[in-house]
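All remarks here apply to the structure that follows.
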Amino acid sequence: MAERGLQVAGVDIGGTFTDLVAFTGAGLVCSKSVTVAEAPAEGVAECLKLAGLAPEALSELLHGSTIVINTVLERKGTATALLTTRGFADVYAIGRANRPQSFALDFQRPQPLVGRQLRLEVDERIDGSGNVLRPLNRAQVEQLGAQLVAAGVRGVAICFLHSYRNPTHEAEAACVLRERHPQLFITASHEILREIREYERISTTVLNAYAGPKVEGYLGELSRFLVGRGFHGALQIMRSNGGTMSVEQARRQPVWMMESGPVAGMIGAAELMRLLGLKSAIGFDMGGTTAKATLIDAGVPLFRQGYFIGGPVSGQPMQLPVVDVIEVGAGGGSLAWVDAQGALRIGPESAGASPGPACYRRGGTFPTVTDANLLLGRLNSQRFLGGGMALDTKLAEQAVQTGVCEPLGMTIQRAAHGIVQIADTMMSLAVRAVSMERGIDPRDCTLIAFGGAGPLHAVAVAREIKISRVAVPRYPGTFSALGMLLAAWRQDFVQTFVAELADVDGTEVHRQFELMAAPGWRQLQKDGLDAATLELIRSVDLRYRGQDHALPVPLEGGPLDAASRAMLRRAFDALHERHYGHASPGEAVEIVNLRLSMRLPRDETLVRRLLAAPYRASASKQLESSRDVIFGDAQRPEAARIVWRGQLEAHDVVEGPAVIEEENSTILIHPGDVARVNEIGVIMIDVAPV
């Protein structure tokens, strides 16, 4: 039976576990269950059951998922076609001429998601000023549509030259295909992105069309499942920009869900950073499949205007704003294996939820990071998931013995220790990259660790790059789902608008921002939301004349007059100095793009109040114990204090070696490290220097 006063719940469906956090009149309730890859809704149902909640009591459900990025990485999307302006069908395959790894002999260019036979040219042409040079051949579009349906194509991406400036031909072609062939999933580039850079715009549009049918089916199934169990509230989906959108919009524009799951935890980490009064922090999230890191500066996660799915070397570019997350294939379920040269490797393949790590007793036979942690004594086989899943040490031993010990001639303990050390090093490189490559010294940051496995590895990762303090929030194992309860409704828009900053027409800039906001206002009305607290955040991308790339500079409210142009110029020079180490105040500056974010903050006052409330230990009694745990030396286990987190009071101190266990996570305190519980229940760990 659901608790009275239930308002909103967040559900994060990961590759291994499904997490739920709900706000009720009685406070926050959490649950975690194994993800059912074939039927993700079953994991949601199990989480609701474990939390004692009924779907009909929910007024709103916020959802994040890895389905889009997994579809792209595994190349399991739909058969997709690309319609382009005649003469430009190969832009998508040619891409950029840069070579990220100059000396890599095995370098491979990004492989298009659309083969050459399905990159089709259409007779039409619009110039860079938006003037029609050649009208659209509607009959040709109709003919191509019939051919694509006959060929079994489901997704169609339309990206015509200069449609960011004038989208009439794209809109007309999309209308023709939707009317004649409603079974096709159509994506026109101007509906997703109105920005220059032809290759990136094509890639982003293709990504939406490629993943669209699968995500549309997934979200439709989830909606029907919830309605069938009495849910009649609003279903909101997490976006890669840290905001939320309606499920209807997500079904049309799934590319905005690319980093749907990971960013929610970073929103929660930013809130925790504000509560702790920290200046700089790094969010570190380690789950069952991957580990993620994000730099948080002044309480705000850093953003990127686009990134590469699958890495910057051979990944697919996506030119949309996204929380700056660096991700590595080192999660609890990541497989340990020996390569042809006899080197021990971790990931990127994962055991996932099925079969999962060997110790889960679900059929897995390959060794994983979780198996190694169990063999090192770092996990309690009887308390995993609060005792809901017993771990099998013998199966873990068999997997490590067969997969690592026999090929390398190692003992079980050395092999397990090696697996964990390699995983820690991989994750520390991600944390280093997200800070040092952004001009921030990681030693000046606090590492905020969450995820089911994050607190287990956080201290080792921090020590690797000389971070002196780690913070572990309450509810770390379900922290990404908690972050969803703090996420605002958000829409982001961009419009290419090239002009000299000194001579730009302020009235025209104002008109362009109004045109950009129009679809946002329509979406707000469609979603039935009150605009009383809506925030409009404007910025402009600036560059020195002759440069290729631009930097976004905030534009305060009011007209773009001489005074505001001067302020923009000074801000851009300072930002350029910070990013590149130099500025050119005498050079002319150009506007490249106008950007608009429409943000409607969630009424999360009560959730924040709960997070900031004075901490009290739980009433249940859990006996303290001790067990041997391997830390730095695989041959020398150390007797570690085993503490149940709920028994700790505010201001309690736990000195390492120790293990702090809780229902959905485990915190490892190494010898010499000191953990303290602060007033709001956050565990602050002082990391001993090497």
Practice item. Pairs only if they're at least six apart or on different chains, beta carbon under 7 angstrom, first in the range 429-441 and on the phi < 0 side of the Ramachandran plot and not assigned by TED's automatic domain parsing to the domain that holds residue 581, second outside any helix (DSSP H, G or I) and of a type in the set (S, T, N, Q); list them, first residue then second. Key: 434/294; 440/280
Practice item. State whether the residues of the range 489-506 include one that is crowded, with 24+ Cβ neighbours inside 10 Å and assigned to a helix (DSSP H, G or I). Key: no
Point to revise | Those residues of the range 300-331 which are within 12 Å of the chain's Cα centre (by Cα) and of a type in the set (Ser, Thr, Tyr), in sequence order | key: 307
Point to revise | In the range 446-468, the residues that are surrounded by fewer than 20 Cβ atoms within 10 Å (Cβ to Cβ) and either among the hydroxyl-bearing types (Ser, Thr, Tyr) or assigned to a strand (DSSP E or B) (or both) | key: 468
Point to revise | Extreme residue, surrounded by the most Cβ atoms within 10 Å (Cβ to Cβ), among residues of the range 290-326 that are closer than 18 Å to residue 347 by Cα, modelled with pLDDT of 85 or more and out of contact with any helix residue (DSSP H, G or I) (no Cβ under 6 Å at 6 or more places or on another chain) | key: 290
Review point. When residue 690 is evaluated against the numbered criteria (1) under 21 Å from residue 459 (Cβ atoms); (2) in contact with a helix residue (DSSP H, G or I) (Cβ under 7 Å, 6 or more places away or on another chain); (3) crowded, with 19+ Cβ neighbours inside 10 Å, which criterion, by number, is the only one it fails?
Key: (3)
Review point. Within the range 507-565, how many residues are in a loop (DSSP other than H, G, I, E, B) and either at positive phi or basic (Lys, Arg) (or both)?
Key: 4
Point to revise | Matching residues in the range 580-600 - criterion: being out of contact with any helix residue (DSSP H, G or I) (no Cβ under 6 Å at 6 or more places or on another chain) and touching a residue at least 40 places away in the same chain (Cβ under 8 Å) | key: 584, 587, 588, 590, 592, 593, 595, 597, 599, 600
**Study point:** Qualifying residues in the range 103-139 (those that are surrounded by 13 or more Cβ atoms within 10 Å (Cβ to Cβ) and of a type in the set (Gly, Ala, Ser)) - the one nearest to the chain's Cα centre (by Cα)
**Key:** 115
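Being of a type in the set (S, T, N, Q) and part of a helix (DSSP H, G or I) is the filter here; which residues of the range 92-129 pass it? First the steps, then the outcome.
First pass over the range 92-129, keeping only residues of a type in the set (S, T, N, Q): 98, 101-102, 108, 111, 117, 129.
117, the sole residue that qualifies.
Which one is nearest to residue 435 (Cα to Cα), of the residues in the range 327-351 that are among the acidic types (Asp, Glu) and at pLDDT below 90?
Looking only at the range 327-351, we keep the residues that are among the acidic types (Asp, Glu), and these are 327, 339, 349.
Applying the additional criterion that residues be at pLDDT below 90 yields 327, 349.
On the way: 327: 13, 349: 26 Å.
Ranking the qualifying residues of the range 327-351, first place goes to 327.
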Practice item. Give the residue, chosen from 356, 363, 352, that is within 24 Å of residue 33 (Cα to Cα), part of a loop (DSSP other than H, G, I, E, B), without any contact (Cβ under 8 Å) to a residue 12 or more places away in the chain and within 31 Å of the chain's Cα centre (by Cα). Key: 363
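Mind checking which residues of the range 555-605 are more than 24 Å from residue 524 (Cα to Cα) and either outside the structural domain of residue 525 (by TED's automatic domain parsing) or β-branched (Val, Ile, Thr) (or both)?
Scanning the range 555-605 gives 589, 591, 592.
Can you tell me which residue among 649, 638 is farther than 27 Å from residue 466 by Cα and either surrounded by fewer than 19 Cβ atoms within 10 Å (Cβ to Cβ) or within 33 Å of the chain's Cα centre (by Cα) (or both)?
Values: 638 fails: farther than 27 Å from residue 466 by Cα.
After ruling out the rest, the residue left standing is 649.
Please determine, by comparing only the residues of the range 237-264 that are assigned to a loop (DSSP other than H, G, I, E, B) and polar (S, T, N, Q), which one is farthest from residue 311 (Cα to Cα).
At the first step, the residues of the range 237-264 found to be assigned to a loop (DSSP other than H, G, I, E, B) are 239-243, 253, 258-259.
Then drop every residue that is not polar (S, T, N, Q), which leaves 240-241, 253.
Details: 240: 16, 241: 18, 253: 22 Å.
The qualifying residue farthest from residue 311 (Cα to Cα) is 253.
Here's the yes/no breakdown for (1) without any contact (Cβ under 8 Å) to a residue 40 or more places away in the chain; (2) of a type in the set (A, V, I, L, M, F, W, C):
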| position | (1), (2) |
| --- | --- |
| 144 | no, yes |
| 148 | no, yes |
| 152 | no, no |
| 158 | no, yes |
| 163 | yes, no |
| 169 | no, no |
| 175 | yes, yes |
| 181 | yes, no |
| 185 | no, yes |
Exercise for review: Check every one of the strands (runs of 3 or more DSSP E) wholly within the range 130-207 and list those with 1 or more residues that are under 25 Å from residue 308 (Cβ atoms) and of a type in the set (A, V, I, L, M).
Suggested key: 155-159, 185-188
Revision key, fill the gap. Going through (1) of a type outside the set (Asp, Glu); (2) more than 20 Å from residue 196 (Cα to Cα); (3) surrounded by fewer than 16 Cβ atoms within 10 Å (Cβ to Cβ) one by one, residue 555 fails only at (3)
Study note, to complete from the structure: Residues of the range 429-445 being crowded, with 20+ Cβ neighbours inside 10 Å and farther than 10 Å from residue 284 by Cα, in sequence order, are 434, 435, 442, 445
**Study point:** Single condition residue 402 does not satisfy, out of (1) surrounded by fewer than 18 Cβ atoms within 10 Å (Cβ to Cβ); (2) free of Cβ contacts under 8 Å to residues at least 24 places away in the same chain
**Key:** (2)
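Being within 20 Å of residue 666 (Cα to Cα) and polar (S, T, N, Q): is that true of residue 620 here?
Numbers: within 20 Å of residue 666 (Cα to Cα): yes; polar (S, T, N, Q): yes.
Yes: the conditions hold for residue 620.
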Review point. Is it the case that the range 536-551 has a residue that's in contact with an Asp or Glu (Cβ under 9 Å, 6 or more places away or on another chain), polar (S, T, N, Q) and surrounded by fewer than 18 Cβ atoms within 10 Å (Cβ to Cβ)?
Key: yes
Review point. Out of the range 327-349, which residues are part of a loop (DSSP other than H, G, I, E, B) and either among the hydroxyl-bearing types (Ser, Thr, Tyr) or crowded, with 24+ Cβ neighbours inside 10 Å (or both)?
Key: 330, 331, 332, 333
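State which residue is surrounded by the fewest Cβ atoms within 10 Å (Cβ to Cβ) when the search covers only the range 352-367 and only residues that are at pLDDT 90 or above and touching a strand residue (DSSP E or B) at 6+ places or on another chain (Cβ under 6 Å).
Out of the qualifying residues, it is 366.
The values are calculated or read from the model by the stated rules, or taken from the named source; none is laboratory data. Quantities reported herein were computed from a predicted structural model and do not represent experimental measurements. For neighbour counting, all protein chains shown are included, and Cβ atoms are generated from backbone atoms with ideal geometry for every residue, glycine included.
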